[in-house]
């Protein structure tokens, strides 16, 4: 299946819709608005890629996620900041012992899952911010192997966590209690379905019909796998700046794929040939 | 009969002795300074093997081939604090070689087999992909060819390996033969605090 780039949102610059130095994370709210975080800001774009809102964060942000009730969670170093839809700061979870570098946030029912790339694990909290358990830490390496310094995951509708264990070249599946259910993926530099280099995939997200979308570094690629983890298609080559790494990825309600170019500080939108629904 | 030294004589000796000490100290300082200014150094912002942004290019091995010494005075150095301790280190393995049944590349990258690795921490003996590894460079084998430096460079690796001049080996030639051929003018003289200088 072929994917083609259809749009570019934001970019490097000093304009209100642009990022000056960093663009690290993206996510969608239930209404289909795109949230992008970088520098020290949250920027909200509508479906056409037009900037609708922006506000400042306390620390440089690494990731963003929006809960069904519209609460915006922003992951930073040492804390998770929360905002309402208008950008008003409604609170923060501070946990110096458990929030080293928050690089991914997800939700399942009343649970909030937070990836701490510094301690190399995913932490489960209840909706009030009370810690419940850690995921991916009960092993001989005491956490995920992520030399790339970024831990990304996605939660499916049944509550299974799909997490990138990049130095193992695997995407692992865990229960909310932290039990490892299995994994897929192998190291390989030749066949495109395999994961190359020292540590890939770096980022991932789940898409419709059980699909999995991942991004890789050196060289940068976006790949789509079906429910059985058969490779459906990929985009590489000149689509991304060659120095890109840890490219966050998100999927909207039409299965359009959004990938962060971390050097050009833009969000690239991809659609499968013949329509957005493959 | 031996003449007793006068106070004037004693003072003269003291002044001359102090003067000699000052002159000697100044000479030592100047020699040290001259040595420091003459030290050859690899500019990491110029060397194609080290500098960021130079990806997808051929490794330059002139440091290995053009030193006047039989084994070049330049070595690869792994900064442990920056190393990711990867299972499949792109500086240790030739990641483009065929993958073996153990899931690992079948060939090493270093042409002189100068890098060794050891699983560290709580080791999983069953699965080599399930461990951290410490990578050590054998300086008796390394000739500074730069292959591992290029392999570890960002974004493929973390850039923990770099090339350095080993000053206990370097002859500090007036005209460094590597500097004469370096296409990036990356071998330059710089004031460096040398150990023992």
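Rule-based calculations on the coordinates, nothing more; no lab input. Being a predicted model, the structure only gives us computed values, none of them experimental. All Cβ positions, glycine included, derive from the backbone under ideal geometry; neighbour counts span all protein chains shown.
Numbers below:
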quantity: Linear extension gain, residue A:69 paired with residue A:85, 0.36 nm per residue minus alpha-carbon span; calculated: 4.8 nm
quantity: Taking only Cα atoms of region A:83-195, radius of gyration then Dmax in Å; calculated: 14.9, 48
quantity: Debye equation applied to the C-alpha atoms of the protein assembly as shown, log10 I(q)/I(0) at 0.07, 0.08, 0.10 Å⁻¹; calculated: -0.45, -0.56, -0.80
quantity: Residue-averaged [θ]222 nm for chain B, counting only DSSP H segments that reach four residues, each worth -39500 (n - 2.57); calculated: -7000 deg cm²/dmol
quantity: Crossing angle, helix B:7-37 versus chain B [Cα axis fit, 0-90 degrees, rounded to tens]; calculated: 20 degrees
quantity: Separation of the residue A:111 and residue B:112 label points, Cα + 7 Å toward Cβ, nm; calculated: 5.3 nm
quantity: Relative exposure of A:122, B:115, judged by other C-beta atoms within 10 Å (fewest first); calculated: B:115, A:122
quantity: Scattering curve values for region B:41-189, log₁₀ I(q)/I(0), Debye with Cα scatterers, q = 0.10, 0.13 Å⁻¹; calculated: -0.36, -0.59
quantity: Sorted by Cβ density within 10 Å, fewest first, the residues A:9, B:74, B:120; calculated: B:120, A:9, B:74
quantity: Whether chain A is rounded, prolate or oblate, judged on the alpha carbon gyration tensor where a/c under 1.5 counts as rounded; calculated: rounded
quantity: Peptide A:255-264, shielding by other chains (average Cβ, 10 Å cutoff); calculated: 0
quantity: Measure of compaction for region B:127-171 (Cα Rg per 2.2 N^0.38 Å); calculated: 1.43
quantity: Added length on full extension, which subtracts the Cα-Cα distance from 0.36 nm per residue, residue A:231 to residue A:20; calculated: 72.5 nm
quantity: Relative exposure of B:170, B:60, judged by other C-beta atoms within 10 Å (fewest first); calculated: B:170, B:60
quantity: Surface/4 of the Cα convex hull for region A:1-148, nm²; calculated: 10.5 nm²
quantity: Two-site label geometry, residue A:40 and residue B:22: point separation in nm, points 7 Å out along Cα→Cβ; calculated: 5.5 nm
quantity: Backbone N under 15 Å from the residue A:241 label point (7 Å along Cα→Cβ), restricted to region A:18-44; calculated: A:18-25, A:38-39
